[in-house]
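The values are calculated or read from the model by the stated rules, or taken from the named source; none is laboratory data. Predicted model only: the values in this text are computed from it and were never measured. With ideal geometry, Cβ positions are generated from the backbone for all residues, glycine too; neighbour counts draw on all protein chains shown. The accessibility values were calculated without ligands, DNA or RNA, using every heavy atom of the protein model including side chains. Shrake-Rupley method; radii C 1.70, N 1.55, O 1.52, S 1.80 Å.
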Amino acid sequence: MARTVLIVEDDRNIADLLRLYLEKEGYEVRIAFDGLKGLEKFREFKPDLVLLDVMLPGMDGWGVCRSIRQDSKTPIIMLTAKSETEDKVSGLKQGADDYITKPFEMREVLARIEAVLRRSGLEPERASRRLEFDNLIIDMDAFELTVGDKKVPTPPKEMELLFHLASAPNRVFTRNQLLDEVWGFDYFGDTRTVDVHIKRLREKLEGASDQWELKTVWSVGYKFEVNA
């Protein structure tokens, strides 16, 4: 059964990005955009872990944390733009299990979640990180790309980009979405970075199969197209 995470975050872009990333990793996710709604969803959803922003409308993160701690030991990771030591100490004293300062990388969030769940005795269940198509295997656990019967050396970011596209066949992603979801929302590089990585992937995948294609959707972005 998938582990469950409640995200309480008023920035909808950050909340949606966290949700997409965690769902791809096999978590079941709910979102609340203010503190009071967060408490309501916590009681309804009974999540395994809470990602809790500090600056929230209605009731701030400190208040939500205190309310949860009155009758629950559910792990809480605080999310905040504040980095002062006193703020971190305050959050931990009020019952938070960990503290992540914005901007953050999604891989850091995932690692913190896994560590907190392990400490709580709730080892996270991971979704499959291996995708198979005709003449193509994308294995993120081993970080190996197999095209035909050959393993093709591929840098980590190219692997992550291909896996992200192939995880949602036929879905179109804009360049900005790919920068956010693969490189992280705090990455400020040029969208041409995506084009360069796509070009390199195409060189590796060229002629492998007529059942799928790494396709450009002009004026929009890219998709991993699978023929029905």
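In segment 176-195 there is no residue that is surrounded by 15 or more Cβ atoms within 10 Å (Cβ to Cβ), out of contact with any helix residue (DSSP H, G or I) (no Cβ under 8 Å at 6 or more places or on another chain) and assigned to a strand (DSSP E or B). Where strands (runs of 3 or more DSSP E) sit wholly within segment 72-146, those with at least 3 residues that are at pLDDT 80 or above and closer than 30 Å to Glu213 by Cα occupy 130-133, 136-139.
Among the residues of segment 147-174, the one identified as among the aliphatic types (A, V, I, L, M), crowded, with 18+ Cβ neighbours inside 10 Å and part of a strand (DSSP E or B) is Val147.
Going through segment 16-67 one residue at a time, which ones are in contact with a Phe, Trp or Tyr (Cβ under 7 Å, 6 or more places away or on another chain), assigned to a strand (DSSP E or B) and open to solvent by less than 60 Å² (accessible area, probe 1.4 Å)? The answer is Val50, and nothing else.
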